[in-house]
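The values are calculated or read from the model by the stated rules, or taken from the named source; none is laboratory data. For clarity, every value in this text was computed on a predicted model and none was experimentally measured. Here the Cβ is made from the backbone with ideal geometry for all residues, glycine too, and neighbour counts use every protein chain on show.
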């Protein structure tokens, strides 16, 4: 078999580039000046393009709807969590008010009780201190996993109640 590149390898030259006429002959077209071709879209192709466009717009609309609904569900859970945290705090404060009222009635009120309010409960821990001055009331509640604790420091119980501190604390 004869090597067609043998005359070029001795001179280390590359073979010449094929001409435009070469490519036109290979494609079965007459050689000559290349003109631009217009893209012809038939009626069936227009329908296909419209169908693809509608599908793309539909997918985008679906993605937007899924995103918005997932945000709404997340915000609903956050709202529920916030509501349960407020419920737990309200329970702890209700127990604190009950403990203050019981202490006002009797200076020997020991605390250490559980108060039921509907389906929920709160606890009044043992009242610290004795007598009419320097008393501490601690209450806690748990609602749907949210624990809230209130600590009240009292300077004087009778004749008028003087509270020096009423605060929510993380632990006792």
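Let's see how each residue does on (1) farther than 22 Å from residue 148 by Cβ; (2) part of a helix (DSSP H, G or I); (3) touching a strand residue (DSSP E or B) at 6+ places or on another chain (Cβ under 9 Å); (4) modelled with pLDDT of 90 or more:
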{"position": "88", "(1), (2), (3), (4)": "no, yes, yes, yes"}
{"position": "96", "(1), (2), (3), (4)": "no, yes, yes, yes"}
{"position": "104", "(1), (2), (3), (4)": "yes, yes, no, yes"}
{"position": "114", "(1), (2), (3), (4)": "no, no, yes, yes"}
Practice item. Could you tell me which residue of the range 111-146 is surrounded by the most Cβ atoms within 10 Å (Cβ to Cβ), considering only residues that are at positive phi and free of Cβ contacts under 8 Å to residues at least 60 places away in the same chain? Key: 111
